[in-house]
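The values are calculated or read from the model by the stated rules, or taken from the named source; none is laboratory data. Note that the coordinates shown come from a computational prediction; the quantities given were computed from them, not determined experimentally. Positions of Cβ are backbone-derived with ideal geometry, glycine not excepted, and every protein chain shown enters the neighbour counts.
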Amino acid sequence: MLAMARSCAVVGLDGALVEVEVDTSNGMAGFTMVGLPDAAVNEAKERVKAAIKNSGCIFPFKRLTVNLAPADLRKEGPSYDLPIAIGILLASGQVQMTDGQVLFLGELSLDGSVRHTNGVLPMVAVAREKHIQTVFVPAVDAMEATLVDGIMVYPVESLGQLVAHLNGERLIEPFKRDPSILERASEGEYAQDMAAIRGQEHVKRALEVAASGGHNILLSGPPGSGKTLLARATPSILPRMVIEEALDVTKIYSVSGMLPAEVPLVLQRPFRAPHHTISHAGLVGGGRIPRPGEISLSHRGVLFLDELPEFGKNVLEVLRQPLEDKVVTISRAQGTITYPANFMLVAAMNPCPCGFYGDPIKECTCSATAIARYQKRISGPLLDRIDIHVEVPRVDYEKLADKRQVENSKTVRGRVQEARERQLQRFHGTKLTCNAEMGPAEVRDFCQVDAAGEKLLKAAMQQLHLSARAFHRVLKLARTIADLAGSEMIAANHVAEAVQYRPRVGM
């Protein structure tokens, strides 16, 4: 007898429907699985066999052939356990199911309980695209599945419970989504607050500008000046995510298996801080089975690279394309996968190997050759893609011991939110969400500079020898500074502040 149950695979960040076909025939008992399964899928034979027996059902003593179609799509992971088990029970007549437009997802334990599965959100999303209205998912993943509208989600705790439901003996209640989950504000706890940082007011201003427009920023200064602390406080001043951004980030974390069961929707912007020993694949993604890297995990959030020159040169150079295109493409023999990588880069570095080059108090012990070699570890094209370069000097005793109240992150975040809302209104009808995403055409349309600003911009272009890319980045930065000031026209003071964030030596 032939039976079929539907499941789903994840390719990159997208789902792909998989039909699990089961054929039972007389002859020597056996269990054959075809359709390009990996080791985890092949091992489903023993899990499914034990789960069926321990759920009070009968495993058929026949020749079983399971085909996972389409046959040219690589099947990975244990999420096919549940549909394979249902297919076998359908083929052996132990389960009755009239509706074929149903999706089954879940890994089985030997006792028949259904375990968590990675990538539930993109798999349920493709079910909606294919007009499948009913999905059965592990109970722990039901809340995540309900983020997709228009789908009836049934939480399954065990195979026996699902069999009883399909046979009409004991029905499972559909899972109801919390109606406020999509509107819930991300007012969670942050690791650091700007109020805890004394001094460095000009650096806080630079971070505020960067957060308002999604610009990249490089902090340079001696050890102990507060670079890392300032960077870790950056998420606390970022604007809240709109629901489309939250769903994009949630999809990435779902596929990566990093989405907590009790928090099905990522509401806070990600903050990723990989160590400088990270590999090429760890940063951009990849591996034998391609997975999102740190730059995709920081999508719509912050990627913090501390001790920037210590990262491998090849590792840093792969950032150049994602910083421009906001996506990263990974090509393997099996195919090409594109992951989103629209992140805000926050980098920190010392000015020299000892860290005290240019410090007014502690003398630098590095030779001129060592300093030049250290600074050249970061290429000019990469530095040119960083909008804001700011020096972080040491903080003196008076500022550290000052007892006066310091502006907290919530106040700064309010100004950043207002500036970002102006940008969203300006870019209404486009795919842009912030000034940093503008291309040359949008810069020409939205970055109108007054006469005094034009004159200053021309002088800066000639004296700093700015590249065409740097010219556009200065304009985008000036647009953000004008948005913070509530100005529609970019004035000379906005251009002046944007120009001062360029590095001292022109690229």
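Per-residue answers, yes or no, for (1) assigned by TED's automatic domain parsing to the domain that holds Gln161; (2) farther than 24 Å from Gly112 by Cα; (3) in contact with a Cys (Cβ under 6 Å, 6 or more places away or on another chain); (4) part of a strand (DSSP E or B):
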site	(1), (2), (3), (4)
Ser7	yes, no, no, yes
Gly15	yes, yes, yes, yes
Thr24	yes, no, no, yes
Arg47	yes, no, no, no
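Set side by side, the residues Ala85, Ala29, Ala69 differ, and just one is touching a Pro at 6+ places or on another chain (Cβ under 9 Å), among the aliphatic types (A, V, I, L, M) and not assigned by TED's automatic domain parsing to the domain that holds Arg332, which is Ala29. Could you go through the stretch 45-66 and let me know if any residue there is within 30 Å of Thr338 (Cβ to Cβ), within 35 Å of the chain's Cα centre (by Cα) and not acidic (Asp, Glu). For the stretch 45-66, residues within 30 Å of Thr338 (Cβ to Cβ), within 35 Å of the chain's Cα centre (by Cα) and not acidic (Asp, Glu): absent. With respect to Ser236, is the statement that it is of a type outside the set (Lys, Arg), within 19 Å of Ala139 (Cα to Cα) and not in a strand (DSSP E or B) true? Criteria not met by Ser236. For the stretch 250-268, the set of residues classified as in contact (Cβ under 8 Å) with a residue 60 or more places away in the chain and either within 16 Å of Phe343 (Cβ to Cβ) or not in a loop (DSSP other than H, G, I, E, B) (or both) consists of Thr250, Lys251, Ile252, Ser254, Val255, Ser256, Gln268, listed by residue number. If you go through the stretch 286-313 and keep only what is at pLDDT below 90, surrounded by 15 or more Cβ atoms within 10 Å (Cβ to Cβ) and assigned to a loop (DSSP other than H, G, I, E, B), you end up with just Pro290.
For the stretch 80-117, residues that are in a strand (DSSP E or B) and closer than 11 Å to Val20 by Cα total 2. For the stretch 249-260, the set of residues classified as in contact with a His (Cβ under 9 Å, 6 or more places away or on another chain) and crowded, with 17+ Cβ neighbours inside 10 Å consists of Val249, Ile252, listed by residue number.
Select from the stretch 357-387 the residues that are farther than 16 Å from Leu319 by Cβ and surrounded by 14 or more Cβ atoms within 10 Å (Cβ to Cβ) and list them in ascending order. Walk me through how you get there before you give the answer.
First pass over the stretch 357-387, keeping only residues farther than 16 Å from Leu319 by Cβ: 357-376.
Within the stretch 357-387, Tyr357, Asp359, Cys364, Cys366, Ala370, Ile371, Arg373, Tyr374, Gln375 qualify.
All conditions in (1) in contact (Cβ under 8 Å) with a residue 24 or more places away in the chain; (2) of a type outside the set (Phe, Trp, Tyr); (3) out of contact with any Pro (no Cβ under 6 Å at 6 or more places or on another chain) hold for Glu46, with the sole exception of (1). Restricted to helices (runs of 4 or more DSSP H) entirely inside the stretch 431-507, those with at least 2 residues that are among the basic types (Lys, Arg) and either surrounded by fewer than 19 Cβ atoms within 10 Å (Cβ to Cβ) or within 30 Å of the chain's Cα centre (by Cα) (or both) are 451-464, 468-484.
If you go through the stretch 86-95 and keep only what is over 22 Å from Val120 (Cα atoms) and within 38 Å of the chain's Cα centre (by Cα), you end up with just Ile88. Contact map, the stretch 430-446: residues that are closer than 17 Å to Asp387 by Cα paired with residues that are basic (Lys, Arg) and surrounded by fewer than 19 Cβ atoms within 10 Å (Cβ to Cβ), Cβ distance under 9 Å, separation 6+ or inter-chain. Pairs shown: Asn435/Arg426; Glu437/Lys326; Glu437/Lys431. Can you find, within the stretch 314-354, the residue that is modelled with the lowest pLDDT among those that are of a type outside the set (A, V, I, L, M, F, W, C) and part of a loop (DSSP other than H, G, I, E, B)? For the stretch 314-354, the residue satisfying everything is Gln334. Going through (1) out of contact with any Lys or Arg (no Cβ under 6 Å at 6 or more places or on another chain); (2) assigned by TED's automatic domain parsing to the domain that holds Asp14; (3) exposed (fewer than 15 other Cβ atoms within 10 Å of the Cβ); (4) within 30 Å of Asn342 (Cα to Cα) one by one, Met143 falls short only on (3). When Ile132, Ile88, Ile151 are screened for being at pLDDT 95 or above and not aromatic (Phe, Trp, Tyr), only Ile88 passes. When we screen Leu259, Leu265 for residues that are modelled with pLDDT under 90 and in contact with a Phe, Trp or Tyr (Cβ under 6 Å, 6 or more places away or on another chain), the only hit is Leu259. In this structure, Val390 does satisfy being over 15 Å from Met194 (Cα atoms), under 32 Å from the mean Cα position of the chain (by Cα) and aliphatic (A, V, I, L, M). Select, from Pro70, Pro83, the only residue that is closer than 25 Å to His131 by Cβ, modelled with pLDDT of 90 or more, surrounded by fewer than 20 Cβ atoms within 10 Å (Cβ to Cβ) and within 37 Å of the chain's Cα centre (by Cα). Of the residues listed, the single one that is closer than 25 Å to His131 by Cβ, modelled with pLDDT of 90 or more, surrounded by fewer than 20 Cβ atoms within 10 Å (Cβ to Cβ) and within 37 Å of the chain's Cα centre (by Cα) is Pro70. Output the residue which, of all residues in the stretch 147-165 that are farther than 19 Å from Ala5 by Cβ and free of Cβ contacts under 8 Å to residues at least 60 places away in the same chain, is surrounded by the most Cβ atoms within 10 Å (Cβ to Cβ). That would be Val148.
Of the residues Gly100, Gly35, which is out of contact with any Cys (no Cβ under 9 Å at 6 or more places or on another chain) and at positive phi?
Only one candidate passes the filter, namely Gly35.
Every condition in (1) out of contact with any Asp or Glu (no Cβ under 7 Å at 6 or more places or on another chain); (2) crowded, with 18+ Cβ neighbours inside 10 Å; (3) modelled with pLDDT of 95 or more is met by Leu108 except one, and the failing one is (1).
For Leu457, are the conditions met, namely being modelled with pLDDT of 95 or more and touching a helix residue (DSSP H, G or I) at 6+ places or on another chain (Cβ under 9 Å)?
Considered against the rule, which asks whether it is modelled with pLDDT of 95 or more and touching a helix residue (DSSP H, G or I) at 6+ places or on another chain (Cβ under 9 Å), Leu457 comes out as no.
Only one of the numbered conditions (1) β-branched (Val, Ile, Thr); (2) more than 21 Å from Glu437 (Cβ to Cβ); (3) surrounded by fewer than 19 Cβ atoms within 10 Å (Cβ to Cβ) is violated by Ile330, and that is (3).
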